[in-house]
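Working notes for the structure below.
Where a number appears in this text, it was derived from the coordinates with a stated rule and is not lab data. Keep in mind the model is a prediction, meaning the values are calculated, not measured. Counting neighbours? That spans all protein chains shown, and the Cβs are built from the backbone with ideal geometry, glycine included.
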Amino acid sequence: MASPRVVVLDHGSGNVRSAVRALEATGAHVTLTGDRGAALAADGLVVPGVGAFAAVARDLRAVGGHEVVAERLAAGRPVLGVCVGLQVLFGRGLEHAADEASAAAGLGLWPGDVARLPSGVVPHMGWNTVEAPAGSTLFGAEPDPDERYYFVHSFAVQRWTGPASARVTWAEHGVRFVAAVEDGPLSATQFHPEKSGDAGQRLLRRWVASLDDAVGTARGPA
Amino acid sequence: MSLAVRVVPCLDVDAGRVVKGVNFAGLRDAGDPVELARQYGDDGADELVFLDVTASSDARETTYDVVARTAEQVFVPLTVGGGVRGVADVDRLLRAGADKVGVNTAAVARPRLVTEIADRFGAQVLVLSVDARRCPPGTPPSERTPSGFEVTTHGGRRGTGVDALAWAAEAARLGAGEILLNSVDADGTTAGFDLEMLRAVRAEVGVPVVASGGAGRLADFAPAVEAGADAVLAASVFHFGVLSVGQVKDALAAAGHPVRRA
């Protein structure tokens, strides 16, 4: 099969060049663009996010990213959120919020709050292990518990209240928090696979390989 | 399990070339920062730091090119410091492919810069570099900082009279996401990190602290972690091939500290 076409959604977020390069290294055909048509047509869409929750949510909406993601999911087409690109998929971000009433609205594809880590040293910065469920698309059929991924964040989802059918991967930094979610076509990681060396490359390859399957399914049996 | 101690090689880059000695088997060009970065990445470096020591602004253009080419090939985080004066410099480095940006002298001169960068790009991109020295014995009490540690600028050559502990704490409050604590006294001595200074800064700030300056032997690294460092940075021991990243990780692991195995 030809290389899957992946679009990295360009909504003005910090360093996205490495996400593009890391995906290219998997063999995917990668385009960095904010173009709606391209983002809809791609086999896989990556939603990056660096910086503050409210800013990323605003910038994402500014390029129509919320509609693109919704449309893709309705059609069963894969989307991968990364870092704040995971966080904005949830209901609310409490970053910079003086109280709960001033919380920033996320895309609300999953319920829940993105709240400050109460741990000693914050940001949670560096390489951590994760507890992934067996049979994961992102982490493999039998996830390696010693594999480490690169995290850098001060806020996290600390309770999963989304669909019970979703595969949720956890990590720990003082408290347990959501490190990744796989929920049908919608996946997301709190860590940066594009900065996670070989482990990150393997994860991205598994996701890109799953696009082939999704594309094949969408095209129907041969 | 818990967060791994990060082992971070640092490269001084001048006009697109690595300066200070580099003695690495199997390198085609020991002066090429991209090739050296890739070698360190293969060896298991958890992050890389480029310290841009380029003096002229013309030659600085080459830094962006080096950063871009490194980010294309090395999939671990890259911090670039040196000569960062304002938000525009940070923006350019991030666009080139840096993940974090180190700020030092300009923030000492104008602390508000820390807030400006953090507000725009998030605290996680901002590494505040503190080049600190001990007030020498015999310093008159009127010139001693309260903690006995003083911030320096211009590569440790200029004293500022600013208390290093107070500055680290203020910078963290203003929005720095990480403190890179370099001991000017220990730097280049290979006599070990300044553990007392590390412990003092660790007690003052809630953000990650990177220990820098003085690494010489494998036995130097674990004590830095025990003094509160979240990451250990070294330059010369790696460049000259005295120690490898893997050996440092073995030593940390043997002392009971979690490390990432590449």
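At a glance:
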{"read-out": "Choice from B:136, B:111, B:77 with maximal GNM fluctuation in chain B (Cα, 10 Å cutoff)", "value": "B:136"}
{"read-out": "Nearby lysines by direct alpha-carbon distance to residue B:100 (threshold 20 angstrom, same-chain neighbours under 8 apart not counted)", "value": "A:195"}
{"read-out": "Residue-averaged 222 nm ellipticity for chain B, from DSSP H runs of 4+ at -39500 (n - 2.57), nearest 500", "value": "-10500 deg cm²/dmol"}
{"read-out": "Cα shape, segment A:145-211, gyration tensor, a/c 1.5 rule", "value": "oblate"}
{"read-out": "Lys/Arg +1, Asp/Glu -1 at C-beta; the protein assembly as shown dipole; positive extreme among B:40, A:134, A:178", "value": "A:178"}
{"read-out": "Mean-position separation - Cα centroids, segment B:228-242 and segment B:115-140, in angstrom", "value": "20 Å"}
{"read-out": "Unit charges at the beta carbon, dipole of segment B:6-254: most positive-side option, B:59, B:152, B:93", "value": "B:152"}
{"read-out": "Among B:161, B:214, B:97, residue whose mean-square fluctuation peaks in a GNM of chain B (springs only between Cα atoms under 10 Å)", "value": "B:161"}
{"read-out": "Chain B: relative contact order in percent, alpha carbon pairs under 8 Å with at least 6 residues between", "value": "20 percent"}
{"read-out": "Ellipticity estimate at 222 nm from DSSP helix runs (n ≥ 4, -39,500 (n - 2.57)) divided over chain A, nearest 500", "value": "-8000 deg cm²/dmol"}
